Amino acid sequence: MRSRYVIDTNVLIAASAADPLDPADIDATPPDPELRMQVWRWLSDFQQCDSRLVLDIDGRIYSEYGNKLGYNDYGIQVVMHKWSTAAVDDVFVDYDVNGDGILPASLEPVVHDLADRKIVAAALRSHSDFGEGCVAFAGDTDWHGWETELLAHQLILEPIIEAWSRQKYADKESR
């Protein structure tokens with residue numbers, strides 16, 4: 001595991017759906033229980049290790065988590081655990097008038113999913129503040145399409161179920 005992660009919401013959703021103790025009855029991607037369990041294992045490892053969670057100081061990333069999950073869902077409990085162990089780094093993210101994270105001009109046409117801009121902006125700020133910016137993701141395959149440009153900005157991606165997400169992205173691109 002890396003030192004710090006901005007975690008895309010889809011990771012928390014898939015892990016919550018796969019939680020072996022209390023699976024959440026939520027719509028999650030991927031639908032395959034074995035792939036969801038891989039995501040759950042990654043998040044469980046993250047919870048137990050010294051890696052830090054990166055969130056924006058305005059709370060908009062956490063707000064997105066809360067819009068998708070309930071307090072007792074596993075993904076939210078992992079976030080609470082990181083907070084309770086002082087393993088969260090809050091970073092400053094600038095937002096536009098629509099509430100979307102502001103990115104460097106070179107990334108604006110690349111990151112077309114406006115909801116993901118705050119994730120990218122937080123990872124970029126993490127890199128600036130701490131020397132490392134990594135986004136962990138699972139079910140959202142758009143990250144693969146942005147990978148080259150994000151790497152050019154020293155932003156690292158960690159696809160948790162990489163073979164599946166790369167294939168899904170390739171399938172999407174071939175349509």
Step by step: first the residues of segment 1-36, then only those that are among the hydrophobic types (A, V, I, L, M, F, W, C) and surrounded by fewer than 17 Cβ atoms within 10 Å (Cβ to Cβ), then the one that is farthest from residue 86 (Cα to Cα). Which residue is that?
26
Quick one: which residue in 121, 136, 105 is in a helix (DSSP H, G or I) and either out of contact with any strand residue (DSSP E or B) (no Cβ under 6 Å at 6 or more places or on another chain) or at pLDDT 95 or above (or both)?
121
Could you list, ordered by first residue, the pairs with Cβ atoms under 6 Å in which the first is in segment 64-85 and over 17 Å from residue 49 (Cα atoms) and the second is part of a loop (DSSP other than H, G, I, E, B), at least 6 apart or interchain?
73/24
When every residue in segment 127-150 that is farther than 18 Å from residue 12 by Cβ and among the hydroxyl-bearing types (Ser, Thr, Tyr) is compared, the one surrounded by the most Cβ atoms within 10 Å (Cβ to Cβ) is 128
Which residue pairs have Cβ atoms closer than 7 Å, lie 6 or more positions apart in sequence or on different chains, and pair a first residue in segment 33-61 that is of a type in the set (Asp, Glu) with a second residue that is part of a loop (DSSP other than H, G, I, E, B) and surrounded by 22 or more Cβ atoms within 10 Å (Cβ to Cβ)?
56/93; 58/93
Sole residue being surrounded by 17 or more Cβ atoms within 10 Å (Cβ to Cβ) and not charged (D, E, K, R), chosen from 123, 105
123
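Results for (1) farther than 19 Å from residue 59 by Cα; (2) in contact with an Asp or Glu (Cβ under 8 Å, 6 or more places away or on another chain), shown as yes or no for each residue.
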| site | (1), (2) |
| --- | --- |
| 107 | yes, yes |
| 114 | no, yes |
| 121 | no, yes |
| 126 | no, yes |
| 129 | no, yes |
| 135 | no, yes |
| 150 | yes, no |
| 156 | yes, yes |
| 174 | yes, no |
Filter result (in a helix (DSSP H, G or I), closer than 19 Å to residue 121 by Cα and of a type in the set (Phe, Trp, Tyr)) within segment 46-93
62, 65
In segment 37-75, which residues are closer than 12 Å to residue 13 by Cα, acidic (Asp, Glu) and either surrounded by fewer than 19 Cβ atoms within 10 Å (Cβ to Cβ) or touching a Gly at 6+ places or on another chain (Cβ under 9 Å) (or both)?
64
Taking segment 76-85 as the region of interest, how many residues are surrounded by fewer than 16 Cβ atoms within 10 Å (Cβ to Cβ) and touching a strand residue (DSSP E or B) at 6+ places or on another chain (Cβ under 9 Å)?
1
Yes/no for residue 24 being out of contact with any His (no Cβ under 8 Å at 6 or more places or on another chain) and at pLDDT below 95:
yes
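The values are calculated or read from the model by the stated rules, or taken from the named source; none is laboratory data. Bear in mind that the values here come from a model prediction, so they are computed numbers and not experimental data. Glycine gets a Cβ as well: all are built from the backbone with ideal geometry, and neighbour counts include every protein chain shown.
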